[in-house]
1. Of everything in the range 133-171, what is modelled with pLDDT of 85 or more and either assigned to a helix (DSSP H, G or I) or touching a strand residue (DSSP E or B) at 6+ places or on another chain (Cβ under 9 Å) (or both)? Give them in sequence order.
2. Please give the number of the condition residue 106 fails out of (1) at pLDDT 90 or above; (2) within 29 Å of residue 5 (Cβ to Cβ).
């Protein structure tokens, strides 16, 4: 068993401990940026079903906005890899992301992380259409409206909203 498998197994055994999950997200973020080759990192993370773990944690830790923001940030980092974007889409991740954003519409960190992951996922035209179909445009525009002074939300939204604003970047 690899160290990443042992780490994720340990996190799975302690799903109810939000602080441990919070710290685990940070560690996984650092791992995803480590010196291990990108292909090896993706293979390791897919092998431990990291997407399933993160999406499950979004549901099981609904009231904890700190952990939800960290989980969304982690999805944003991992979503830069096409295989992981595909896995997020297959597991109905867009709906879970939007649901997490809906639970905390006035929390800057959740909205900022949610917009970032949607922007990352929208690189794929198929997932961009999935975001639009799931009501992502309304959620993103509400984030813009609720957080007018947050440059990160405004910039992420400009990138991810293009398909929603009928200025499609997709063929």
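The values are calculated or read from the model by the stated rules, or taken from the named source; none is laboratory data. Note that this is a predicted model, so its numbers are computed, not measured. Positions of Cβ are backbone-derived with ideal geometry, glycine not excepted, and every protein chain shown enters the neighbour counts.
1. 133, 136, 138, 139, 142, 143, 145, 146
2. (2)
Conditions tested, residue by residue: (1) closer than 21 Å to residue 138 by Cβ; (2) in contact with a helix residue (DSSP H, G or I) (Cβ under 6 Å, 6 or more places away or on another chain).
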site	(1), (2)
18	no, yes
21	no, yes
61	no, yes
74	no, yes
92	yes, no
98	yes, yes
101	yes, yes
